[in-house]
Amino acid sequence: MVLKAIQRLAATATIEHTVSAVPLKSEDMKGRVIGREGRNIRAFEAATGVEVIVDDTPDAVLVSGFDPVRREVARLSLIRLLDDGRIHPARIEEVVAATKEEIDAEIIEAGEQAALELQIHGLHSELIRLVGRMKYRTSYGQNLLHHSVEVAKLAGLMASELGLDARRAKRAGLLHDIGKVIEGDLEQPHAIAGMELARQYHEHPDVANAIGAHHDEVPMATNIAPLVQAADAASGARPGARREALERYVQRLKHLEELAASFDGVEQAYAIQAGREIRVVVDTKKVSDILAETLALDISRTIEREMEYPGQIRVTVIREVRAVAVAK
């Protein structure tokens with residue numbers, strides 16, 4: 001049954017990359033992106049959490065970041081700033097904020113499109129939003145939304161062959177990894193978090209059990225549970241579907257950011273240069289210039305103690321005081 005389902009489903013295998021190229025109308029635009037003494041590029045990187053690479057690439061700059069949502073926000077924001085022509089720190093923050101709102105709307109649309117493609121009806125709006133967030137997440141380099149849709153289709157095909165409820169199997173397949181996109185720190189496996197979320201939004205008990213059981217976290221109590229587990233394994237095991245090295249790399253960068261953000265006075269922390277540098281933005285009211293130096297040293301010592309990494313990691317603490325007045 002597994003082989004029949006795989007043979008009936010044609011799916012592409014695409015590995016997610018961590019760099020996006022933004023085209024420029026001319027080489028002169030690179031200077032405007034950088035700004036006087038680098039103020040524009042610093043403001044852009046601080047607002048988006050990605051790295052902007054301005055090198056010898058003709059008529060283009062590169063946006064690099066391991067978080068696909070941040071990278072897409074940065075790419076669209078930079079394109080709009082270049083089209084608008086007004087590139088300065090205040091305008092950068094305004095455009096980035098507006099772009100983030102648009103990405104949030106696109107996330108909801110992606111969730112609705114996935115449910116429509118699979119003919120799944122009656123999903124709670126919060127579940128639809130979380131399904132949409134999968135579009136900007138990866139699992140071992142495999143796009144999480146594509147993977148979940150594929151699992152739903154495989155589980156539905158196998159359920160149909162076995163005379164089981166195909167709609168319920170597809171529903172469980174689509175939602176099986178929803179625990180991976182829940183915001184905030186989770187102290188439990190993603191399968192259990194997804195199962196509890198399904199129960200919270202009144203999904204059928206069979207669907208909730210299949211979500212929780214797809215990694216054997218809970219006993220299988222329904223016939224569709226092994227189908228979802230088999231479909232998940234088949235989707236992830238296809239040649240070229242996943243790349244384990246990328247997942248380890250992403251986890252290391254996330255851990256690096258979390259370590260830096262755990263210190264008092266830190267507002268934002270961004271890992272850049274493929275994890276060779278961590279930029280830490282601090283609250284000017286809590287961290288003085290002298291404390292900023294001490295904080296950089298403390299963060300570097302913590303990284304040395306708690307992480308394993310190749311080479312060395314530079315810790316840059318940024319303390320910016322901004323004075324704003326309005327002339328009327």
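The values are calculated or read from the model by the stated rules, or taken from the named source; none is laboratory data. Since this is a predicted model, take the numbers as computed values, not measurements. In this analysis, Cβ positions are derived from the backbone assuming ideal geometry, glycine residues included, and neighbour counts consider all displayed protein chains.
May I ask you to verify whether residue 145 is among the hydrophobic types (A, V, I, L, M, F, W, C), part of a helix (DSSP H, G or I) and more than 18 Å from the chain's Cα centre (by Cα)? The answer is no for residue 145. Answer yes or no: is there a residue in segment 224-238 that is modelled with pLDDT under 85, surrounded by fewer than 18 Cβ atoms within 10 Å (Cβ to Cβ), over 28 Å from residue 167 (Cα atoms) and not acidic (Asp, Glu). So far as segment 224-238 goes, no, none of its residues is modelled with pLDDT under 85, surrounded by fewer than 18 Cβ atoms within 10 Å (Cβ to Cβ), over 28 Å from residue 167 (Cα atoms) and not acidic (Asp, Glu). When restricted to residues that are in a loop (DSSP other than H, G, I, E, B), touching a residue at least 40 places away in the same chain (Cβ under 8 Å) and over 23 Å from residue 129 (Cα atoms), segment 24-64 contains 4. The one condition from (1) surrounded by 12 or more Cβ atoms within 10 Å (Cβ to Cβ); (2) charged (D, E, K, R); (3) modelled with pLDDT under 90 that residue 328 does not meet is (1). When 113, 119 are checked against the criterion of being part of a helix (DSSP H, G or I) and either touching a residue at least 40 places away in the same chain (Cβ under 8 Å) or over 17 Å from the mean Cα position of the chain (by Cα) (or both), a single residue qualifies: 113. Here is the figure for segment 175-232: residues that are over 25 Å from the mean Cα position of the chain (by Cα) and among the acidic types (Asp, Glu) total 3. Any residue at all in segment 94-110 that's surrounded by 13 or more Cβ atoms within 10 Å (Cβ to Cβ), in a strand (DSSP E or B) and without any contact (Cβ under 8 Å) to a residue 60 or more places away in the chain? Among the residues of segment 94-110, not one is surrounded by 13 or more Cβ atoms within 10 Å (Cβ to Cβ), in a strand (DSSP E or B) and without any contact (Cβ under 8 Å) to a residue 60 or more places away in the chain, which makes the answer no. Checking each residue in segment 126-167 for being more than 20 Å from residue 230 (Cα to Cα) and in contact with a Phe, Trp or Tyr (Cβ under 9 Å, 6 or more places away or on another chain) picks out 126, 127.
Looking across segment 272-286 at every residue that is at pLDDT below 90 and among the aliphatic types (A, V, I, L, M), the one that is nearest to residue 46 (Cα to Cα) is identified as 272. Restricting attention to segment 275-297, which residues are surrounded by fewer than 15 Cβ atoms within 10 Å (Cβ to Cβ) and assigned to a helix (DSSP H, G or I)? Answer for segment 275-297, where residues must be surrounded by fewer than 15 Cβ atoms within 10 Å (Cβ to Cβ) and assigned to a helix (DSSP H, G or I): 289, 290, 293, 294, 297. The single condition among (1) closer than 30 Å to residue 35 by Cβ; (2) in contact (Cβ under 8 Å) with a residue 12 or more places away in the chain; (3) not in a loop (DSSP other than H, G, I, E, B) that residue 195 does not satisfy is (1).
Among the residues of segment 78-90, none qualifies, meaning not one is at pLDDT below 80, buried (at least 18 other Cβ atoms within 10 Å of the Cβ) and in contact with a strand residue (DSSP E or B) (Cβ under 7 Å, 6 or more places away or on another chain). Among the numbered conditions (1) touching a strand residue (DSSP E or B) at 6+ places or on another chain (Cβ under 8 Å); (2) under 18 Å from residue 51 (Cβ atoms), the only one that residue 312 does not meet is (1).
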